[in-house]
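Working notes, beginning with the structure itself.
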Amino acid sequence: MKGRAHKLLSEFRAQHEQEGLSGRFLMSRMILRARIIPERITPDLDDPEVEARIEAAIKRFTDERGG
């Protein structure tokens, strides 16, 4: 789906941006874990592999945090 990777990343960022330094650290971990360059994730991007990597990283963070 076009723009889905951007939506996932934006929602993740918005969800954690109020956490201050720990939120920025978590975003850094997302970038490394999903192997992405956030500036290249645009609403026009249509790449199922990138979407899958972001989803997997989000799931792993959710599992680590217990829910």
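The values are calculated or read from the model by the stated rules, or taken from the named source; none is laboratory data. Remember, it's a predicted structure, so these values are computed and weren't measured experimentally. When we count neighbours, we look across all protein chains shown, and the Cβ atoms used for this are built from the backbone with ideal geometry, even at glycine.
For segment 1-45, give me the residue count where each residue is in a loop (DSSP other than H, G, I, E, B) and surrounded by 14 or more Cβ atoms within 10 Å (Cβ to Cβ).
Adding up the residues that qualify gives 4.
List every residue pair whose Cβ atoms sit under 7 Å apart, with the two residues 6 or more apart in sequence or on different chains, where the first one lies in segment 6-33 and is touching a residue at least 12 places away in the same chain (Cβ under 8 Å) and the second, anywhere, is among the small types (Gly, Ala, Ser) and surrounded by 12 or more Cβ atoms within 10 Å (Cβ to Cβ).
Met30/Ala57; Arg33/Ala57
What are the pairs, 6+ residues apart or on separate chains, where a residue within segment 46-62 that is on the phi < 0 side of the Ramachandran plot has its Cβ under 8 Å from a residue that is surrounded by 12 or more Cβ atoms within 10 Å (Cβ to Cβ) and among the aromatic types (Phe, Trp, Tyr)?
Pairs found: Ile54/Phe12; Ile58/Phe12.
Assess whether Ile54 counts as being closer than 25 Å to Lys2 by Cβ, modelled with pLDDT of 95 or more and surrounded by fewer than 15 Cβ atoms within 10 Å (Cβ to Cβ).
For Ile54, the condition - closer than 25 Å to Lys2 by Cβ, modelled with pLDDT of 95 or more and surrounded by fewer than 15 Cβ atoms within 10 Å (Cβ to Cβ) - is not met.
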